[in-house]
Protein chains: 2
Amino acid sequence: MARILVVTQGGLAQELVRGAHTIAGQSDRLETVSLAWDESPVISERKVAAALEEGIQDGEADQGVLILTDLPGGTPFNVAAKFARPGRVEVLSGVNLAMVVRLCCPGCRERSVGELAAWLEEKGRQSICRYQPGAPVESDPACG
Amino acid sequence: MARILVVTQGGLAQELVRGAHTIAGQSDRLETVSLAWDESPVISERKVAAALEEGIQDGEADQGVLILTDLPGGTPFNVAAKFARPGRVEVLSGVNLAMVVRLCCPGCRERSVGELAAWLEEKGRQSICRYQPGAPVESDPACG
């Protein structure tokens, strides 16, 4: 399976992964990179580069990397975008808990990083919905 | 302006609001309710009821309340849905940082809670996007 890096400023990445692990069970597939609010983009870039490099050293790079970031156009997104290579290193913005939980499902192991990115973009968008009294709510974070 | 309650399990709500305040400046409009992972839905319901009640006691209830929750079908969403009243208490799932930041913009004060919910659902979905090399990235979290 592709490696998953959740990259945010502050403690958001850790909270998202902690939540996903609590809901879907512990998984070693989810990694976090926390950028300090006041650090320079150069330092942030080094942190992301180091996290990507770790996977290469571990021989895990063959499966590609999916990087989940918080705001479109924010520092984590902009830094991650510098490492983007379609089909190898994919970057998504707007990460929420539903997206991270989805990545814990066993079926994700079968998907390429490009497939994962497209699928997660769609599922993430679907997870943002307004409650309509009487309407059915999709509550199953399984693959699909 | 409508009151905003960010309701999640664990520390996610606090991290989201902390991030939004760091990016968009301190605001007293964003309130958080943190539900414990192991508490019963009855206790969770009491916490949300108490947070809603606080606003009523403060005389703020006239503007309505927008409740942002993490997973569709998760405990925070299900508990919040019990208090939903279209146009008065609106509930959204899939909260991410982009949505919370959006709520800090001054233009939000003019919107009814129903308008806010519909607008934020759309903006939240737009914030989840896959980086495409060379494509423009929406980076302005202003109203619109």
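Taken together, the values in this text are just the output of simple stated rules run on the coordinates, not laboratory data. Being a predicted model, the structure only gives us computed values, none of them experimental. No Cβ is skipped: glycine too gets one built from the backbone with ideal geometry, and neighbour counts run over all protein chains shown.
Write down the Kirkwood hydrodynamic radius of the protein assembly as shown, to one decimal in angstroms, obtained as one divided by the mean of 1/r over all alpha carbon pairs.
Final number for the Kirkwood radius of the protein assembly as shown is 19.0 Å.
Relative to the other copies, what are the label-point distances for A:ARG29, with labels 7 Å from Cα along the C-beta vector, expressed in nm at one decimal and sorted shortest first?
Nearest to farthest, the other copies are at 3.8 nm.
First check a/c for segment A:1-119, with a ≥ b ≥ c the square roots of the eigenvalues of its C-alpha gyration tensor; if it is under 1.5, answer rounded, and if not, answer prolate when a/b is larger than b/c or oblate otherwise.
Details: a/c = 1.57, a/b = 1.21, b/c = 1.30.
Taking the square roots of the gyration eigenvalues as a ≥ b ≥ c, segment A:1-119 is oblate.
Could you tell me the center-to-center distance, by alpha carbons, between segment A:1-35 and segment B:14-46 in angstrom?
Between the Cα centres of segment A:1-35 and segment B:14-46 lies a distance of 19 Å.
When chain A is modelled as a GNM with alpha-carbon springs shorter than 10 Å, which of A:ALA118, A:ALA98, A:ALA81 fluctuates the most?
Taking springs between Cα atoms under 10 Å, the residue moving most is A:ALA118.
How far, in nm to one decimal, is A:SER112 from itself in the other copies if the label point is set 7 angstrom along Cα toward Cβ? Shortest first, please.
4.9
Of all DSSP beta bridges located in the protein assembly as shown, what percent are antiparallel, nearest 5?
15
Relative contact order, percent, of segment B:3-124 when contacts are C-alpha pairs under 8 Å separated by at least 6 residues?
29
What are the distances, in nm and sorted shortest first, from the label point of B:GLN132 to the label points of the same position in each other copy, with each label point placed 7 Å from Cα along the Cα-to-Cβ direction?
2.8
Reachable lysines from A:LYS82, Cα under 30 Å, same-chain residues fewer than 8 places away excluded?
List returned: A:LYS47, A:LYS123, B:LYS123.
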